[in-house]
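Chemist: First, the structure itself, so that you have it in front of you.
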Amino acid sequence: MVQLHLRGCQIVGIYTEISREKSLDIAFAFNSTANRRVFFVGMGYKFQRFAPMAVVGHIIEQIQLVQKILDAGYAYESEGSVYFDVAKYNKDHHYGKLSGRNLDDVLNTTRDLDGQSEKRNPADFALWKKAQPEHIMRWPSPWSDGFPGWHAECTAMGRKYLGEHFDIHGGGMDLIFPHHECEIAQSVASQGDDMVHYWMHNNMITINGTKMGKSLGNFITLDEFFNGTHKLLTQAYTPMTIRFFILQAHYRSTVDFSNEALIASEKGLQRLIEAIDGLGKVTPASATSEGINVKELRAKCYEAMNDDLNTPIVIAQLFEGARIINNVIAGNATISAEDLKELKETFHLFCFDIMGLKEEKGSSDSRENAYGKVVDMLLEQRMKAKANKDWATSDEIRNTLTALGFEIKDTKDGFEWRLNK
């Protein structure tokens with residue numbers, strides 16, 4: 001079971017596909033907004049069971065959580081608000097075990113926020129806040145008309161939908177402290193032990209080396225990526241390009257969006273998909289050429305995925321597989337029927353099933369097919385010219401197509417071509 005935050009969707013998208021491959025049942029819970037649902041659909045993520053969670057629809061559960069912590073003696077009421085007693089909790093447990101902090105560190109970095117005078121200790125955090133007269137969001141509670149503290153929602157709703165113990169909690173590295181640290185304290189204080197078995201934190205997104213933010217004017221929405229309408233974008237990018245770009249970096253490393261990087265990912269994905277398409281053109285031989293080890297390639301993909309979902313290494317191995325395919329098609333190597341079957345299975349499993357990549361087709365397919373037939377006809381004329389030793393005509397056709405952006409490759413069976421973007 002996984003609790004899902006938007007920035008951790010890369011982790012969870014892969015995790016769910018691995019679970020499917022192992023026939024495991026998996027449930028997800030996430031803070032629900034329309035934009036997040038659009039994100040999951042647009043990026044092609046599929047989940048077996050959703051638990052969309054609207055915070056305002058779970059006030060009762062959050063009030064019950066606060067009461068349990070009060071009953072356990074790890075919270076106190078002050079002027080209509082309820083605060084978590086960090087010092088008392090820290091005597092029995094370790095507040096800061098996720099972030100590696102101790103209580104002295106926390107006290108030295110505590111900000112002077114509204115309501116500090118109500119606290120016994122500056123590090124104490126609000127479980128329930130009494131609403132000021134002008135505050136719009138307010139609900140009745142045993143302590144005051146008010147609203148839950150920031151950290152209460154995940155603990156209360158995670159418990160409701162996933163139970164007292166679940167496997168993975170995702171989120172950005174910026175949430176490790178204080179948000180996730182406080183969630184751990186709340187769960188231990190209210191039920192006696194940790195709710196979450198594993199915490200998986202993804203790193204931040206930057207744009208051209210600068211942190212993404214609306215105030216900086218570099219915040220780009222998915223619609224803007226897909227339509228190319230943001231001022232920082234030179235073109236539109238498909239959902240699969242964005243997905244492939246994200247997967248090329250480990251989820252715990254920074255992802256820096258730039259047009260140059262996105263265009264490189266677009267071309268890289270195109271090369272990978274073309275190689276996979278080329279699998280259907282391969283004629284198996286009686287034996288596989290020396291130096292080609294498909295079983296080892298597949299094993300390395302598994303090894304990388306088991307190493308903290310190391311997708312960049314998986315992609316590197318898939319490009320090695322693409323090199324093998326291209327060499328076989330060009331007649332520079334051979335592959336047996338058994339190894340060809342395993343190579344197809346490896347690409348299907350890791351490229352399509354686990355990483356969720358797919359070939360994207362636009363509405364202009366019929367027109368592109370017509371253009372393709374014209375190019376095929378020209379290259380067939382070139383083959384005839386070569387057979388007749390009419391090198392001038394052969395070179396003219398090749399040079400003209402190359403100047404138009406086509407890449408021509410001669411093979412043992414004839415030719416291949418593609419249009420470079």
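Every read-out reported here was derived from the displayed coordinates using simple, explicitly stated rules and does not represent laboratory data. For clarity, every value in this text was computed on a predicted model and none was experimentally measured. Positions of Cβ are generated from backbone atoms using ideal geometry, with glycine treated the same way; all protein chains shown enter the neighbour counts.
Chemist: Charges on Cβ only, +1 for Lys and Arg, -1 for Asp and Glu, centred on the Cα centroid of the chain; of Val374, Leu247, Cys154, which one is farthest towards the dipole's positive end?
Modeler: Projecting each Cα onto the dipole axis, the largest value belongs to Val374.
Chemist: Just the ratio, please: alpha-carbon radius of gyration of the chain over 2.2 N^0.38 Å, N its number of residues. List each step's numbers first, then the result.
Modeler: On the way: Rg = 28.0 Å, N = 421, 2.2 N^0.38 = 21.9 Å.
The reported ratio for this selection is 1.28.
Chemist: While we're here: As an exercise, use a Förster radius of 41 Å and the Cβ-Cβ distance of Asp410 and Ile313 to find the FRET efficiency, rounded to the nearest 0.05.
Modeler: Numbers: r = 33 Å, r/R0 = 0.81.
The computed FRET efficiency comes out at 0.80.
Chemist: Would you please put 322-330, 369-377, 70-78 in order of how densely packed they are, using the mean number of other Cβ atoms within 10 angstrom per residue and starting with the highest? Walk me through the numbers on the way to the answer.
Modeler: Details: 322-330: 19.4, 369-377: 11.2, 70-78: 17.6.
Taking the mean over residues of other Cβ atoms within 10 Å, the ranking is 322-330, 70-78, 369-377.
Chemist: Name all residues of region 335-349 having a backbone nitrogen under 16 Å from the label point set 7 Å from the Cα of Thr283 along its Cα→Cβ direction, giving them as ranges.
Modeler: 335-337
Chemist: As an exercise, use a Förster radius of 45 Å and the Cβ-Cβ distance of Lys358 and Asn293 to find the FRET efficiency, rounded to the nearest 0.05.
Modeler: In this case the efficiency is close to 0.95.
Chemist: Could I ask something else about it? Taking the 0 to 90 degree range and rounding to the nearest ten, how far is the long axis of helix 181-191 tilted relative to the main principal axis of the chain, both from C-alpha atoms?
Modeler: 60 degrees
Chemist: Here's another thing I want to ask about it. Residues of region 63-88 with amide nitrogen under 17 Å from the 7 Å Cα-to-Cβ point of Arg120?
Modeler: 66-88
Chemist: In the chain, what % of DSSP beta bridges are antiparallel (nearest 5)?
Modeler: Counting DSSP beta bridges with both partners in the chain, the antiparallel share is about 55 percent.
Chemist: What dipole magnitude, in Debye to the nearest 20, does region 207-354 give about its Cα centre under +1 on Lys/Arg Cβ and -1 on Asp/Glu Cβ? Before the final figure, lay out each step's value.
Modeler: On the way: 14 positive and 18 negative charges, 76 e Å.
Taking the Cα centre of region 207-354 as origin, the dipole is about 360 debye.
Chemist: Against the longest alpha carbon principal axis of the chain, how many degrees, from 0 to 90 and to the nearest 10, is the axis of helix 365-387 turned?
Modeler: With both axes taken from Cα atoms, the answer is about 30 degrees.
Chemist: Would you mind computing, in nm to one decimal, how far apart the modelled labels at His179 and Lys384 are, each placed 7 Å from Cα along Cα→Cβ?
Modeler: 6.6 nm
Chemist: Let me ask something additional. How do Leu65, Leu279 rank when sorted from fewest to most other Cβ atoms within 10 Å of their own Cβ?
Modeler: On the way: Leu65 28, Leu279 18.
Sorted ascending by nearby Cβ count, the order is Leu279, Leu65.
Chemist: Quick check on region 365-419: take the gyration tensor over C-alpha atoms, sort the square-rooted eigenvalues as a ≥ b ≥ c, and tell me if it's rounded (a/c under 1.5), prolate or oblate. Intermediate values should be presented prior to the final figure.
Modeler: Numbers: a/c = 1.91, a/b = 1.65, b/c = 1.16.
Prolate, since a/c reaches 1.5 and a/b exceeds b/c.
Chemist: Note down the magnitude of the dipole of the chain about its Cα centre, charges +1 on Lys and Arg C-beta and -1 on Asp and Glu C-beta and zero elsewhere, to the nearest 20 debye. Show your work: numbers first, answer last.
Modeler: Details: 47 positive and 56 negative charges, 176 e Å.
For this selection, approximately 840 debye.
Chemist: Once R0 is set to 25 Å, what does the formula 1/(1 + (r/R0)^6) return for the Cβ-Cβ distance between Leu216 and Asp105, expressed as a FRET efficiency to the nearest 0.05? Let's see the in-between values first.
Modeler: Values: r = 30 Å, r/R0 = 1.19.
My answer for the efficiency is 0.25.
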